[in-house]
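First up is the structure itself, then whatever we jot down about it.
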Amino acid sequence: MEFDHILIRYGEMALKGKNIKQFINQLQQNVQQKIKEFPGVKVKRTQGRMFVLLNGNDPKAVMEKCKNVFGTQSLSLAVKVENDVEKIKEAALYALNNGENIHKFKVTVKRINKDFPVRSQEMNQVLGGHLLTNTDGITVDVHHPDVEVKVEIRNEATYITSSVVPGLGGLPVGTSGKSLLLLSGGIDSPVAGFLSMKRGVEIEAIHFHSPPYTSERSKQKVLDLAKQLTKYGKSIKVHIVPFTKLQQEIFREMPDAYAMTIMRRMMFRISEKVCEQESILSLTTGENLGQVASQTMESMHTINEVTNYPIIRPLVTMDKQEVIELSHEIGTYETSILPYEDCCTIFVPKSPKTKPKRDKVNYYESTHDFTASIQEAVNGIETIKITDKKDPTETFHDLL
Ligand code: ATP
Ligand code: MG
């Protein structure tokens, strides 16, 4: 006997009223997409349940993929057997034996098929007895079990599950539109991307790159981070903006203390143009409050002036430590701390204004025409499509 199904429970989506159909369809599609490398696996829905049919594939390997899909609340490996008491006993024992570190258990039988001859209460006792006589050192505890063996006798078959694995929660990616993630290569922005995705948002990424001041490896680092994010969603298009010339111009033409603020405003201006091209309706950043000069309330107010797109800032209320913990959990930390230089760490003014005012910045910007350089940066964008496949990244243009 072997687990042949994964049962997927989706929580929050049940609350979504009219949209529930779209959410469930998207979840099914996203799970199917994540496990398509396994031959013959299928995601099915019956009577408000979602199941993966394993079709002989390694249950743990498929589970590993499924639990990283947003919208899953919890998952369980399941065995499907005929509605036959002996078969159900055997399967319940198998499910119990496959749990780890189990000392206390509980059996819960749900008899949906009223034609099944043994009633739930009686079936509970039959199975409990069977499990006790066929295991060593395991006892029944209905209040605090290590594992609950759940038996659902349905019309078509009986499903038996034991351990419950937590899913990622959130909403299925693709149900909340798209956002353009400003991805820097630091610790924060990949976490911000992950959190936007958690709300069902599909992301594309934009990265400002300043060769030769920033190396090829710093660009690869950003692509690697994007790759790590695809684990939780779809392919990600990364737009690499050649930023050197515009950055040099800013630092040459603008007062040193305001260069940082103006550079950030340029990033938003260029990002907005990419949004227009790609029909994206919002930006996502890893900005926080109070960490550095560019992240004061005044600074945010002044930088924000150049766009009226909604800006999702998932980290704005978080402590640095919380962000670091999350980056460990999602697997981006080790890449983020690689030492390759970022464009913002190279062009750093000696004493940036921590409280830049809109009118001052507008005045300085009016003294020089950046239009041509902005357009040149936009025209020079290289777009790379990152997929969750194992093979090396393919460039978007190569695919066309
Ligand atoms: P991170 O850890 O994400 O680099 P940070 O704490 O270093 O963030 P800042 O340098 O102030 O903070 O950057 C704030 C946000 O601006 C980043 O989280 C990111 O969204 C965006 N950003 C900064 N530099 C770049 C870049 N080179 N390309 C794209 N986005 C960037
Ligand atoms: Mg940074």
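Among the residues of region 175-200, what is the count of those that are in contact with a helix residue (DSSP H, G or I) (Cβ under 6 Å, 6 or more places away or on another chain), at pLDDT below 95 and farther than 25 Å from S215 by Cα?
Qualifying residue count, region 175-200: 1.
Pick from D342, D319: which is of a type in the set (D, E) and in contact with a Gly (Cβ under 9 Å, 6 or more places away or on another chain)?
Of D342, D319, the one residue that is of a type in the set (D, E) and in contact with a Gly (Cβ under 9 Å, 6 or more places away or on another chain) is D342.
Step by step: first the residues of region 325-338, then only those that are within 13 Å of ligand 1 (Cβ to nearest atom) and assigned to a loop (DSSP other than H, G, I, E, B), then the one that is modelled with the lowest pLDDT. Which residue is that?
Residue satisfying both the conditions and the ranking: L338.
Got a number for residues in region 23-39 being closer than 16 Å to L54 by Cβ, crowded, with 21+ Cβ neighbours inside 10 Å and hydrophobic (A, V, I, L, M, F, W, C)?
So the answer is 2.
Checking the condition modelled with pLDDT of 95 or more and either at negative phi or surrounded by 13 or more Cβ atoms within 10 Å (Cβ to Cβ) (or both), which residue from K42, K60 passes?
K42
Can you tell which of E86, E90, E100 is in the same structural domain as D146 (by TED's automatic domain parsing), part of a loop (DSSP other than H, G, I, E, B), out of contact with any Phe, Trp or Tyr (no Cβ under 6 Å at 6 or more places or on another chain) and acidic (D, E)?
On inspection, the qualifying residue turns out to be E100.
For every residue, the table says whether it meets (1) among the small types (G, A, S); (2) modelled with pLDDT of 95 or more; (3) not assigned by TED's automatic domain parsing to the domain that holds S189.
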position: S210; (1), (2), (3): yes, no, no
position: R217; (1), (2), (3): no, no, no
position: Q228; (1), (2), (3): no, yes, no
position: I236; (1), (2), (3): no, yes, no
position: P242; (1), (2), (3): no, yes, no
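Every residue in region 274-291 that is over 17 Å from P314 (Cα atoms) and crowded, with 17+ Cβ neighbours inside 10 Å, please.
Within region 274-291, V274, C275, I280 qualify.
Are there any pairs with C-beta distances below 8 angstrom linking a residue in region 256-271 that is closer than 18 Å to V238 by Cα and among the aromatic types (F, W, Y) to a residue that is outside any helix (DSSP H, G or I) and more than 9 Å from ligand 1 (Cβ to nearest atom), with the two at least 6 apart or on different chains, and if so which?
F268/V306; F268/T307
Would you mind finding the one in L15, L54 that is modelled with pLDDT of 95 or more and either in contact with a helix residue (DSSP H, G or I) (Cβ under 7 Å, 6 or more places away or on another chain) or surrounded by fewer than 14 Cβ atoms within 10 Å (Cβ to Cβ) (or both)?
Matching residue, one of L15, L54: L54.
Would you point out which residue out of S196, S218, S189 is surrounded by 24 or more Cβ atoms within 10 Å (Cβ to Cβ) and within 12 Å of ligand 2 (Cβ to nearest atom)?
Step by step, each of S196, S218, S189 is checked, and only S189 is surrounded by 24 or more Cβ atoms within 10 Å (Cβ to Cβ) and within 12 Å of ligand 2 (Cβ to nearest atom).
When region 284-326 is examined, which residues are found to be closer than 25 Å to T383 by Cβ and within 16 Å of ligand 2 (Cβ to nearest atom)?
Residues satisfying the conditions are T284, T285, G286, E287, I303, R313, P314.
The values are calculated or read from the model by the stated rules, or taken from the named source; none is laboratory data. From a predicted model like this one, the values you see are computed outputs, not experimental measurements. Note that we place each Cβ from the backbone using ideal geometry, even for glycine, and neighbour counts take in every protein chain shown.
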